[in-house]
1. Starting from residues that are at pLDDT 95 or above and of a type in the set (S, T, Y), keep the ones in the stretch 162-181 and report whichever is surrounded by the fewest Cβ atoms within 10 Å (Cβ to Cβ).
2. Can you find a residue in the stretch 80-95 that is in contact with a Lys or Arg (Cβ under 8 Å, 6 or more places away or on another chain) and assigned to a helix (DSSP H, G or I)?
3. How many residues, within the stretch 79-109, are over 18 Å from G147 (Cα atoms) and surrounded by fewer than 18 Cβ atoms within 10 Å (Cβ to Cβ)?
4. Filter the stretch 235-252 down to the residues that are touching a Phe, Trp or Tyr at 6+ places or on another chain (Cβ under 7 Å) and in contact (Cβ under 8 Å) with a residue 24 or more places away in the chain, then identify the one that is surrounded by the most Cβ atoms within 10 Å (Cβ to Cβ).
5. Can you name the residue in the stretch 143-161 that is among the aliphatic types (A, V, I, L, M) and free of Cβ contacts under 8 Å to residues at least 40 places away in the same chain and, of all such residues, is surrounded by the fewest Cβ atoms within 10 Å (Cβ to Cβ)?
6. Name the residue that is nearest to F141 (Cα to Cα), counting only residues in the stretch 94-105 that are more than 21 Å from the chain's Cα centre (by Cα) and not polar (S, T, N, Q).
7. Tell me the residue from V193, V214 that is closer than 22 Å to K259 by Cα and not aromatic (F, W, Y), please.
8. Go through the stretch 96-116 residue by residue and tally those that are assigned to a helix (DSSP H, G or I) and within 21 Å of F35 (Cβ to Cβ).
Amino acid sequence: MFAKSSWVHLRIPFSFFLLPVYLFALATSNEVNVFFALIVFVILHLFLYPASNGYNSYFDKDEGSIGGLKNPPKVNKGLYNLALVFDAVALLLSTYNMLFFFMILVYGLISKAYSHPSIRIKKYPYASWFIAGFFQGFFTFLMSYIGIIDGNLQDLLQPHILIAAGLTSVMLWGSYPMTQIYQHEEDTKRGDVTLSVKLGILGTFYFVMILFSVTSILFFLYFTKYYTASAALIYLGAMGPVVGFFFYWFLKVRTDRKKADFENTMRLNQLSSLCLNIFFIWLSFQ
């Protein structure tokens, strides 16, 4: 019914990079319903995120590497329709909680506004950076939390939940420009002046260094206050491999800008996601 290329553009494995937000929300949920936790995972990572990926790919029509695909196939109308089908399934599965359903709907609409040519938030460097970090971080954390506990608006108005949600956005604001660093040429050609394009290659590294440092301090303070000092130290230890690779890569890029490429970006994303996923799974059992 749908071409193989359309399924490839959904980039379902790429959802792994956004898994830490869900796992952090899961770790902060005191009363976890296993069924709801599983259904939220399925909705987000197997339907909502792939729908956004496919929709974005359809309108971008990239010829160069994109997140999760080094050589993306050409897109067709079937991809657009498949993305809408996946969106519809995500909405249908979320109807067990109407607040969760509404948040899934809003996320889907924002992701469409991000790439649709009539709005295309993506072409505005600061707005796209803020909106992507806010909705993939703060908003998605709260959306995941509500879905996992089958809760209501009142459940979100807890300091430790709101702070945790805010921290996920700070984390994503720090890392987001790095995901754009290998796409400068293609983004510029298409008229999308991303934040990474604005910052330049080395500027992107310096920007990420600063926000990563701020993020680490804030997470350390959060875990110290709401968990234990040991949890805070373990978090810093979990981030050690990420910091090590980041600076190794940075030194390579300083001598050769071509090293700011797809392969190294994906390695950093994979390592960061892996370390965060392991830490948040551990945190869930504390």
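1. Only one residue fits best here, namely S169.
2. Quick first cut of the stretch 80-95, residues in contact with a Lys or Arg (Cβ under 8 Å, 6 or more places away or on another chain) only: none.
Scanning the stretch 80-95 turns up no residue that is in contact with a Lys or Arg (Cβ under 8 Å, 6 or more places away or on another chain) and assigned to a helix (DSSP H, G or I).
3. 5
4. Quick first cut of the stretch 235-252, residues touching a Phe, Trp or Tyr at 6+ places or on another chain (Cβ under 7 Å) only: 235-236, 238, 250.
Retained after the next criterion (residues that are in contact (Cβ under 8 Å) with a residue 24 or more places away in the chain): 235, 238, 250.
Numbers: Y235: 22, A238: 18, F250: 16.
Ranking the qualifying residues of the stretch 235-252, first place goes to Y235.
5. First, the residues of the stretch 143-161 that are among the aliphatic types (A, V, I, L, M): 143, 146, 148-149, 153, 156-157, 161.
Still in the list and also free of Cβ contacts under 8 Å to residues at least 40 places away in the same chain: 156-157.
On the way: L156: 16, L157: 9.
The extreme case among them is L157.
6. First pass over the stretch 94-105, keeping only residues more than 21 Å from the chain's Cα centre (by Cα): 95-99.
Pick out the ones that are also not polar (S, T, N, Q) and you get 96, 98-99.
Working: Y96: 18, M98: 17, L99: 14 Å.
That would be L99.
7. Working: V214 fails: closer than 22 Å to K259 by Cα.
Only one candidate passes the filter, namely V193.
8. Initial filter on the stretch 96-116 (assigned to a helix (DSSP H, G or I)): 96, 98-115.
Now restrict to residues that are within 21 Å of F35 (Cβ to Cβ): 96, 98-104.
Residues in the stretch 96-116 being assigned to a helix (DSSP H, G or I) and within 21 Å of F35 (Cβ to Cβ): 8 in total.
The values are calculated or read from the model by the stated rules, or taken from the named source; none is laboratory data. Predicted model only: the values in this text are computed from it and were never measured. Positions of Cβ are generated from backbone atoms using ideal geometry, with glycine treated the same way; all protein chains shown enter the neighbour counts.
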